[in-house]
Amino acid sequence: MSALADAFASRPGAVADDGIISHYGEPMREQRRLADGSAAVLLGDRTVIEVAGEDRLTWLDSITSQALTGLRPGESTELLILDPQGRVEHAAGVLEDGASVWLIADSGDVDALATWLTRMVFRSRVTVRVRDDLALVGAFAGGAAESAVTAAALAPNGTPLVWADPWNAVQIGGHQYSVIDEHPAEGYRWRIAILDAEASVPPLEDIAAAGVLAAEALRVAAWRPRWAAEVDERSLPHESDWIRSAVHLNKGCYRGQETVAKVHNLGHPPRRLAALQLDGSADVLPAAGAPVFAGEDEVGAITSVARHHEDGPIALAILSRRAPTGDLVVRADGVDIAAAQQVIVPADAGATADVPRLTRLSRRPEGQDPRRAQG
């Protein structure tokens, strides 16, 4: 365990497993402090990849879903790497500091992501390196915690390495499928600072600590998709409304771009993300993967679940596009849990292109004999 991890783990009440601190004994209070900007959380479940070299932005632009060539020092975004059929393979936050691009990825994906990037270097002037010597600390903007993590962040090229999550607004080139007046992501001003894992960080000593359960609850409440939770072997970015922040629809060609454009302009994603408000009376919190039913029909599965400090038990679920939009049932440990559904991605998402309907060439006046028409 690193010095920074030791410092977080030594705080009273810390419950940790393999370096990941779940909570400090008061998950609801930790959520409130994290949300109001007075607490920070050690993100032991995420890892940094550094991409250096003069071709780094044009190279990443050519192989990912995001437009990156114009990214300036201190600017943040996120990217997806898709397979040839447009399915999500990898995801990462992106921060440029003028000399390197810093990618923030879920630890379960980082080795595969780094390996794939390395294979794609060819003659490009870039290097790819997993930075296990670095640690990540999260906080919300607008409070003492943001100031502390920014002061503690590394700044090897004069720009503090603090990634600003772009999920709180539709990004340039993006598109939102959710039809809602006030999106819950509008207040989701999430920041992740990159720190030296072995350095002393006095700015954080006076800041309250929260566990990753608190961070996850606030993520779920904001409908924010994550590789470790919402992605499987079938995932398209449209299904979880990820085009709003991670896909630039007007950039040049990249692997999977044809499918992204086709589904967005002409079709509908086969599945859709939904938010569920779970009945808490049974005191059973379903695990990720728990099936979701509409009557007797299984229509999807839970991807993320949390106990929120205001909303109680909540979840995200990937459902069939044709799943009903009304109340559903989640089955967990033999218990059926009622779930009120809020549609995130509508069933008719996509098909945004205004394509005129043409009269079929084979159509002819009713009753006309084609042999007479030829004569």
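The values are calculated or read from the model by the stated rules, or taken from the named source; none is laboratory data. Just so we're clear, the structure is a prediction, and the values are computed from it rather than from any experiment. With ideal geometry, Cβ positions are generated from the backbone for all residues, glycine too; neighbour counts draw on all protein chains shown. For the accessible areas, the whole protein counts, side chains as well, though only heavy atoms, and no ligand, DNA or RNA atoms are used. Shrake-Rupley method; radii C 1.70, N 1.55, O 1.52, S 1.80 Å.
Residues that are part of a loop (DSSP other than H, G, I, E, B) and either crowded, with 21+ Cβ neighbours inside 10 Å or free of Cβ contacts under 8 Å to residues at least 40 places away in the same chain (or both) within region 98-136 comprise PHE122, ARG123, VAL126, listed in sequence order. Taking first residues from region 139-164 that are under 15 Å from LEU103 (Cα atoms) and partners that are assigned to a strand (DSSP E or B) and basic (Lys, Arg), the Cβ contacts under 6 Å between residues at least 6 apart in sequence or on separate chains come to VAL162/ARG191; ALA164/ARG191. Go through the residues of region 178-186 one by one and say whether even a single one is of a type in the set (A, V, I, L, M) and either more than 30 Å from ASP348 (Cβ to Cβ) or assigned to a loop (DSSP other than H, G, I, E, B) (or both). Within region 178-186, one or more residues are of a type in the set (A, V, I, L, M) and either more than 30 Å from ASP348 (Cβ to Cβ) or assigned to a loop (DSSP other than H, G, I, E, B) (or both).
Across region 67-80, the qualifying residues are those that are open to solvent by less than 20 Å² (accessible area, probe 1.4 Å) and within 22 Å of PRO160 (Cβ to Cβ), and the one among them that is farthest from the chain's Cα centre (by Cα) is LEU68. When we screen ASP61, ASP83 for residues that are at pLDDT 95 or above and open to solvent by less than 20 Å² (accessible area, probe 1.4 Å), the only hit is ASP83. Of the residues making up region 300-328, those that are without any contact (Cβ under 8 Å) to a residue 40 or more places away in the chain and surrounded by 16 or more Cβ atoms within 10 Å (Cβ to Cβ) are GLY300, ALA301, ILE302, PRO313. Residue-level analysis places ARG46 outside the set of residues that are of a type in the set (Lys, Arg) and over 19 Å from the mean Cα position of the chain (by Cα). If you go through region 57-72, how many residues are in contact (Cβ under 8 Å) with a residue 60 or more places away in the chain, assigned to a loop (DSSP other than H, G, I, E, B) and touching a strand residue (DSSP E or B) at 6+ places or on another chain (Cβ under 8 Å)? Number satisfying all stated conditions: 3. Scanning region 308-331 for residues that are part of a loop (DSSP other than H, G, I, E, B) and within 20 Å of PRO225 (Cβ to Cβ) turns up ASP311, ARG321, ALA323, THR325.
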